[in-house]
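Below: one structure, written as structure tokens.
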Amino acid sequence: MTEPSTIQALGMGARAAGRSAWLVAPALLVAFLRSALGWPAPLLALALIRAGTAARLAGGARAPGDVLSGAVAALSAPRSLFLLAGLFLAGVLASAALRVAWLAGALPTLGGSLAGERVPAPRFAEGFTWGFAPLVGTALLGLAVEVAAQLYLWTAGLSAVFLALHRAPPLVAAVRAGLGAVVLVSAVAGPPLASLAADAALARTALAGDRPARALLEALRRVALRPPAFVLAGMALGLAALVVLGSAQAMESAALGLAAGAPPVLVLGPRLLTTVLGAALAALFELWRLGTVAALACAERT
């Protein structure tokens, strides 16, 4: 496909998301599993607090300070800290692996629609099976770039504060202020551009077959050559998602407000329905964003 403009890329991404809307179903399953993976560590912490409190009460302690110290001792024991850290890290890694697995199937499916196929071939299972391993490497490199951008932002911000507190002659202060402004602008723009480059690299690996390092370099090159296109697409999608999801949340609050005072069993159904609807809309916008970034990242000049 030829290199699209920002509007064309947004349209291509929207059409691809619409034709592949069935991907919302596995996206909801992945979102549910990723949410569930965050619960073991807090539940273990609550169990440890309960065990420490019960042990102190069984020993005859009645003062609130003694009972609280038992909970703190149970929670801060080395074995407890290692268990909590292990569960948290395992949850984070498993959650990231689930997202990459979904992307390994979703991106090739979107690619068929972006390529103009009238009836896109079923690529989800094939991408999930054979595309997961390469996509993991690309995701790790993209994460490294995003972390580097965040570190650059914090370093630039702290340096600006330090220099602002340090007096200097007028000429030096003027030069320093100009250079500081340039550095701060680049530092603020760094994280969103790094995130877009990471997504573009994933699209390059899934659709163009690039190896992780080549995919990241090509993604960075394309973002550097056309930063307005990527930034405008990201801003437009972010604004659209904010408006639609904000409206959905407002309708959810209004619906639940009308049911205020009703038995909890009757409120449970509408609450679950509105929650699933919001998650489905978020997944659909994620497909739109992936399709748009893929269109900008994989198109070739003609």
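From ARG34, ARG50, ARG56, grab the single residue that is in a helix (DSSP H, G or I) and closer than 23 Å to ALA283 by Cβ. First the steps, then the outcome.
Details: ARG50 fails: closer than 23 Å to ALA283 by Cβ; ARG56 fails: closer than 23 Å to ALA283 by Cβ.
Exactly one residue qualifies, and that residue is ARG34.
Filter segment 110-154 for residues that are modelled with pLDDT of 90 or more, β-branched (Val, Ile, Thr) and over 20 Å from PRO192 (Cα atoms) and give the result.
If the condition is that a residue be modelled with pLDDT of 90 or more, β-branched (Val, Ile, Thr) and over 20 Å from PRO192 (Cα atoms), then VAL136 is the only one that fits.
From ALA27, ALA45, grab the single residue that is small (Gly, Ala, Ser), without any contact (Cβ under 8 Å) to a residue 60 or more places away in the chain and in a helix (DSSP H, G or I). Show your work before the answer.
Values: ALA27 fails: without any contact (Cβ under 8 Å) to a residue 60 or more places away in the chain.
Sole residue among the options that is small (Gly, Ala, Ser), without any contact (Cβ under 8 Å) to a residue 60 or more places away in the chain and in a helix (DSSP H, G or I): ALA45.
Check segment 67-87 and report whether any residue there is closer than 30 Å to ARG19 by Cβ and either modelled with pLDDT of 90 or more or assigned to a helix (DSSP H, G or I) (or both). Break it down stepwise before answering.
As a first pass, look at segment 67-87 and keep what is closer than 30 Å to ARG19 by Cβ: none.
No, because not a single residue in segment 67-87 is closer than 30 Å to ARG19 by Cβ and either modelled with pLDDT of 90 or more or assigned to a helix (DSSP H, G or I) (or both).
Looking at segment 9-24 only, could you name the residues that are surrounded by 14 or more Cβ atoms within 10 Å (Cβ to Cβ) and touching a residue at least 40 places away in the same chain (Cβ under 8 Å)? I'd like the intermediate steps shown before the answer.
Pass one, segment 9-24, residues surrounded by 14 or more Cβ atoms within 10 Å (Cβ to Cβ): 9-17, 19-20, 23-24.
Of everything in segment 9-24, those that are surrounded by 14 or more Cβ atoms within 10 Å (Cβ to Cβ) and touching a residue at least 40 places away in the same chain (Cβ under 8 Å) turn out to be ALA9, LEU10, MET12, GLY13, ALA14, ARG15, ALA16, ALA17, ARG19, SER20, LEU23, VAL24.
Okay, residues lined up against (1) in contact with a Lys or Arg (Cβ under 6 Å, 6 or more places away or on another chain); (2) surrounded by fewer than 17 Cβ atoms within 10 Å (Cβ to Cβ); (3) of a type in the set (Asp, Glu):
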| position | (1), (2), (3) |
| --- | --- |
| ALA55 | no, yes, no |
| GLY70 | yes, no, no |
| GLY86 | no, yes, no |
| LEU110 | no, no, no |
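What residue, among those in segment 25-37 that are of a type outside the set (Val, Ile, Thr) and surrounded by 15 or more Cβ atoms within 10 Å (Cβ to Cβ), is nearest to LEU89 (Cα to Cα)? Walk me through how you get there before you give the answer.
Step one: of segment 25-37, the residues of a type outside the set (Val, Ile, Thr) are 25-29, 31-37.
Checking which are surrounded by 15 or more Cβ atoms within 10 Å (Cβ to Cβ) leaves us with 26-28, 31, 34, 37.
On the way: PRO26: 24, ALA27: 22, LEU28: 23, ALA31: 18, ARG34: 13, LEU37: 10 Å.
Ranking the candidates gives LEU37 first.
Condition (residue is of a type in the set (Ser, Thr, Tyr) and touching a Ser or Thr at 6+ places or on another chain (Cβ under 7 Å)) applied to segment 189-198: is it met by at least one residue?
Just the residues of segment 189-198 that are of a type in the set (Ser, Thr, Tyr), to begin with: 195.
Retained after the next criterion (residues that are touching a Ser or Thr at 6+ places or on another chain (Cβ under 7 Å)): none.
Looking for residues that are of a type in the set (Ser, Thr, Tyr) and touching a Ser or Thr at 6+ places or on another chain (Cβ under 7 Å), one finds none in segment 189-198, hence no.
Got at least one residue in segment 89-107 being of a type outside the set (Asp, Glu), crowded, with 16+ Cβ neighbours inside 10 Å, more than 19 Å from GLU286 (Cβ to Cβ) and in contact (Cβ under 8 Å) with a residue 24 or more places away in the chain?
yes
Of all residues being surrounded by 12 or more Cβ atoms within 10 Å (Cβ to Cβ) and hydrophobic (A, V, I, L, M, F, W, C) in segment 57-68, which is nearest to the chain's Cα centre (by Cα)? Just the residue, please.
To start, the set of residues in segment 57-68 that are surrounded by 12 or more Cβ atoms within 10 Å (Cβ to Cβ) comprises 57, 61, 66-68.
Checking the rest, the ones that are also hydrophobic (A, V, I, L, M, F, W, C) come to 57, 61, 67-68.
Numbers: LEU57: 44, ALA61: 46, VAL67: 40, LEU68: 37 Å.
Step by step, filter segment 57-68, then rank; the result is LEU68.
Among the numbered conditions (1) touching a residue at least 60 places away in the same chain (Cβ under 8 Å); (2) of a type in the set (Val, Ile, Thr); (3) more than 25 Å from TRP288 (Cα to Cα), tell me where THR6 comes up short.
The one condition THR6 does not meet is (3).
Which of the residues belonging to segment 114-141 are out of contact with any helix residue (DSSP H, G or I) (no Cβ under 8 Å at 6 or more places or on another chain) and either buried (at least 18 other Cβ atoms within 10 Å of the Cβ) or polar (S, T, N, Q) (or both)?
Once the filter is applied, which keeps residues that are out of contact with any helix residue (DSSP H, G or I) (no Cβ under 8 Å at 6 or more places or on another chain) and either buried (at least 18 other Cβ atoms within 10 Å of the Cβ) or polar (S, T, N, Q) (or both), segment 114-141 yields only THR129.
Considering only residues of segment 113-135 that are in a helix (DSSP H, G or I) and touching a residue at least 60 places away in the same chain (Cβ under 8 Å), which is nearest to ALA295 (Cα to Cα)?
Of the residues in segment 113-135, the ones in a helix (DSSP H, G or I) are 113-114, 124-130, 132-135.
Then drop every residue that is not touching a residue at least 60 places away in the same chain (Cβ under 8 Å), which leaves 113-114, 124, 127, 134-135.
On the way: SER113: 11, LEU114: 7, PHE124: 18, GLY127: 18, PRO134: 20, LEU135: 18 Å.
Looking at the filtered set, the residue picked out is LEU114.
Does GLY70 satisfy the condition of being in contact with a Gly (Cβ under 8 Å, 6 or more places away or on another chain) and either of a type in the set (Phe, Trp, Tyr) or without any contact (Cβ under 8 Å) to a residue 40 or more places away in the chain (or both)?
Details: in contact with a Gly (Cβ under 8 Å, 6 or more places away or on another chain): yes; either of a type in the set (Phe, Trp, Tyr) or without any contact (Cβ under 8 Å) to a residue 40 or more places away in the chain (or both): yes.
In short, yes.
Out of segment 207-228, which residues are surrounded by fewer than 20 Cβ atoms within 10 Å (Cβ to Cβ) and of a type in the set (A, V, I, L, M, F, W, C)?
The answer is ALA208, ALA213, LEU217, LEU220, ALA224, LEU225.
Conditions (1) within 30 Å of LEU29 (Cβ to Cβ); (2) in contact with a strand residue (DSSP E or B) (Cβ under 8 Å, 6 or more places away or on another chain); (3) not aliphatic (A, V, I, L, M), marked per residue:
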| residue | (1), (2), (3) |
| --- | --- |
| ALA121 | yes, no, no |
| PHE128 | yes, no, yes |
| PHE132 | yes, no, yes |
| LEU135 | yes, no, no |
| GLU146 | yes, no, yes |
| LEU165 | no, no, no |
| LEU171 | no, no, no |
| VAL175 | no, no, no |
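The values are calculated or read from the model by the stated rules, or taken from the named source; none is laboratory data. Fair warning: this is a prediction, and the values are worked out from it, not measured in the lab. With ideal geometry, Cβ positions are generated from the backbone for all residues, glycine too; neighbour counts draw on all protein chains shown.
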